[in-house]
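One structure below.
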Amino acid sequence: MVGDRERGRLKIGWVRAHMPILEGVRARFEKEGPFRGLTISAVLHVEAKTCALALALQAGGAKVHLAAGNPLTTDDDVVAAVREDGVITHAERGESMAAYQEGLERLLAAEPDVIIDDGADLVALVHARGQGRGRLRGATEETTTGVTRLRALERDGRLLFPAINVNDAAMKHLFDNRYGTGQSTVEGIVAATNLLLAGKVAVVAGYGWCGRGVASRLAGMGAEVVVTEVDPVRAIEARLDGYAVRPMREAAARADLIVTVTGRPGVVRAEHLAVLKDGCLLANAGHFDVEISKPDLARLAPARRIVRPNVEEYRFPDGRRAYLLAEGRLVNLAAAQGHPAEIMDLSFALQARSAEHLARHGAELAPKVWPVPPEIDLAIARAALAPFGVGLEEATPEQLKYANAWESGTE
Ligand code: ADE
């Protein structure tokens with residue numbers, strides 16, 4: 001659908017006003033032009049905050065090509081707005097998988113110098129082509145899922161270019177994955193259903209940084225949270241954070257709501273669907289729509305209908321109903337508007353500066369998965385203090401001396 005350009009401009013204006021760190025990076029880019037003559041291909045969820053990033057890269061001299069990170073997460077209004085500003089976009093809300101693939105192809109055809117990826121689909125496509133790295137200086141990656149794929153390429157000795165792991169930067173996962181996913185997932189569930197969370201049994205599958213955020217926000221809304229985990233360390237963490245930790249088969253039988261945040265396929269499958277209570281809500285906040293088995297749902301509960309936007313009812317032959325939100329895709333983006341602007345300010349400032357790092361140094365870096373340079377992470381932490389109203393204590397010369405002595409082993 002063709003979006004409304006003016007509405008798109010207002011949406012982008014709103015988030016830019018709440019993304020001061022990225023705006024600061026943009027102002028510097030405008031002066032220094034680190035991307036002059038370069039092309040950046042970005043596969044991201046094409047919504048207002050992402051457009052703020054695209055415009056910052058463009059201000060640094062880049063020709064920016066943008067494709068959808070997921071068929072259901074595009075905001076057509078902002079697409080219309082940035083297209084007019086010269087960002088080349090291949091994204092339309094609800095696009096088919098074929099159109100999604102076509103978007104990736106176009107991004108490759110643009111011969112990018114830098115890739116910004118979310119889930120590593122574009123990086124995977126470059127590798128599948130087998131045509132080498134071309135003029136690519138490197139890629140940055142936004143998600144846990146994408147980093148797992150990059151590490152697999154690195155382990156097999158197949159990674160063609162340096163890739164910066166933005167996901168694991170402190171200023172990314174501690175905030176975006178936890179508070180961003182936490183708030184926006186609850187927002188998506190509430191927006192889709194208009195139901196009360198207080199008093200509900202909410203099962204959170206996965207206690208990584210995203211799962212922690214979702215569990216804490218659901219608990220904050222009064223839900224009784226039960227966590228499922230395969231990792232014993234995370235399981236005990238969840239327990240000591242105050243949640244019950246049970247196997248999915250047991251948890252599913254009590255659940256009013258199940259949210260998957262594991263990055264793994266088939267987390268909710270036939271054996272769990274068989275024991276669901278009538279009316280259970282099923283939502284996914286993991287990157288791919290594979291965590292809740294849609295094939296199992298369709299097979300076991302063949303009678304289905306859309307009952308509200310983003311809510312599909314599946315009726316089992318025994319009369320029980322399950323409600324799948326947002327087709328099992330990222331509920332926080334498909335049924336809501338993604339992470340809050342202040343959170344994406346941190347993530348996208350990291351992305352912009354990591355892309356700059358690749359533009360300046362990518363040609364000299366080995367083809368490995370690299371962390372975000374610590375000075376960038378720290379600079380963004382310092383920049384975040386002001387908007388969040390945080391004042392820092394300063395170590396006294398005495399304390400510094402003490403710490404240095406410990407580090408040098410003389411204490
Ligand atoms: N907005 C843009 N990109 C996003 C992401 N990866 N997660 C949540 N909200 C977003």
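Only the coordinates and a few stated rules stand behind these numbers; no lab work does. What you see is a predicted model; the values in this text were computed from it and never measured. Please note: Cβ atoms are built from the backbone with ideal geometry, for glycine as well, and neighbour counts cover all protein chains shown.
Consider LEU358 against the criteria (1) over 16 Å from the mean Cα position of the chain (by Cα); (2) within 26 Å of MET97 (Cα to Cα): it satisfies all of them except one. Which criterion is unmet?
Only one criterion in (1) over 16 Å from the mean Cα position of the chain (by Cα); (2) within 26 Å of MET97 (Cα to Cα) is unmet by LEU358, namely (2).
When you go through (1) in a helix (DSSP H, G or I); (2) charged (D, E, K, R); (3) in contact with a Gly (Cβ under 8 Å, 6 or more places away or on another chain) one by one for ARG249, which number turns out not to apply?
Evaluating ARG249 over (1) in a helix (DSSP H, G or I); (2) charged (D, E, K, R); (3) in contact with a Gly (Cβ under 8 Å, 6 or more places away or on another chain) leaves (3) as the failure.
What's the total number of residues in region 379-402 that are part of a helix (DSSP H, G or I) and over 26 Å from PHE175 (Cβ atoms)?
Residues that pass the stated criteria total 6.
Which ones in region 202-216 are farther than 19 Å from HIS287 by Cα and surrounded by 24 or more Cβ atoms within 10 Å (Cβ to Cβ)?
The one that is farther than 19 Å from HIS287 by Cα and surrounded by 24 or more Cβ atoms within 10 Å (Cβ to Cβ): ALA202.
Which of the residues belonging to region 37-64 are more than 9 Å from the ligand (Cβ to nearest atom) and surrounded by 24 or more Cβ atoms within 10 Å (Cβ to Cβ)? Let's see the steps before the verdict.
Initially, region 37-64 is screened for residues more than 9 Å from the ligand (Cβ to nearest atom), giving 37-43, 51-52, 54-64.
Within region 37-64, ILE40, SER41, ALA42, VAL43, CYS51, ALA52, ALA54, ALA56, LEU57, GLY60, ALA62, VAL64 qualify.
I need the full set of residues from region 106-135 which are free of Cβ contacts under 8 Å to residues at least 40 places away in the same chain and buried (at least 21 other Cβ atoms within 10 Å of the Cβ), in order please.
Scanning region 106-135 gives ALA120, VAL126.
Looking at region 156-210, which of its residues are away from the ligand (no atom under 16 Å from the Cβ) and within 25 Å of GLY138 (Cβ to Cβ)?
Of everything in region 156-210, those that are away from the ligand (no atom under 16 Å from the Cβ) and within 25 Å of GLY138 (Cβ to Cβ) turn out to be ASP156, GLY157, ARG158, LEU159, LEU160, PHE161, PRO162, ALA163, ALA170.
Looking at region 252-277, which of its residues are under 26 Å from the mean Cα position of the chain (by Cα) and small (Gly, Ala, Ser)?
The first filter runs over region 252-277 and keeps only residues under 26 Å from the mean Cα position of the chain (by Cα), leaving 252, 255-269.
Selection gives ALA252, ALA255, GLY263, GLY266.
With the structure loaded, tell me whether ARG149 is away from the ligand (no atom under 15 Å from the Cβ) and surrounded by 22 or more Cβ atoms within 10 Å (Cβ to Cβ) or whether it fails that test.
So ARG149 fails the test.
Okay, residues lined up against (1) surrounded by 18 or more Cβ atoms within 10 Å (Cβ to Cβ); (2) closer than 30 Å to THR50 by Cβ; (3) free of Cβ contacts under 8 Å to residues at least 12 places away in the same chain:
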position	(1), (2), (3)
ALA303	no, no, no
ARG308	no, yes, no
LEU330	yes, yes, no
ALA335	yes, yes, no
PRO387	no, yes, no
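List pairs: first in region 180-203 and without any contact (Cβ under 8 Å) to a residue 40 or more places away in the chain, second surrounded by fewer than 19 Cβ atoms within 10 Å (Cβ to Cβ) and not in a helix (DSSP H, G or I), Cβ under 7 Å, 6+ apart or cross-chain?
VAL186/MET221; ALA198/MET221; ALA198/GLY222; GLY199/GLY222
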